[in-house]
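Here is the structure we will look at.
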């Protein structure tokens, strides 16, 4: 009998609720990456994803870069953020999705990459639409965020820093994928 998605993580040495939450989040992101919606799946968790977006001022050409998160699709999360965005009053156009990830660190780094690519923060003498950097130069985690952003887009789905745990979770995701795709084609249980 196939293992239910909701209990797939029990009994494998996860020690904290945060670890379980992170792994469930990454599993849901992996399924979304495959184009598989978890909406309506029995026991499927609704999990948060993280996005970067840009907004362009058509008058000045300046580009504002930002980040958001939520439990909707990446496009829904960006649209929700854009509804009452503070840069709308400055004449900036609609937010456009740049990247989506299960990793908040990668998205935090990606926001800073976008600010730098679009002229740099104004507080540093730059010309982007951002008044300040997304990550302060004095932030001790800056290199971690930037390294994580360098892994976007695509690449292997990493669930944790433990290689054995990653291998198990990769196999589990493959089994879930096969089960879902088999059920969708009528070949499944």
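The values are calculated or read from the model by the stated rules, or taken from the named source; none is laboratory data. All of these numbers come straight from a predicted model, not from anything done at the bench. FYI the Cβ positions are ideal-geometry reconstructions off the backbone, even for glycines, and counts take in every protein chain you see.
A few remarks follow.
- Residue check, residue 44 crowded, with 20+ Cβ neighbours inside 10 Å and either modelled with pLDDT under 95 or in a loop (DSSP other than H, G, I, E, B) (or both): no
- Residues being assigned to a helix (DSSP H, G or I), surrounded by fewer than 22 Cβ atoms within 10 Å (Cβ to Cβ) and touching a helix residue (DSSP H, G or I) at 6+ places or on another chain (Cβ under 8 Å) - total across the stretch 77-122: 4
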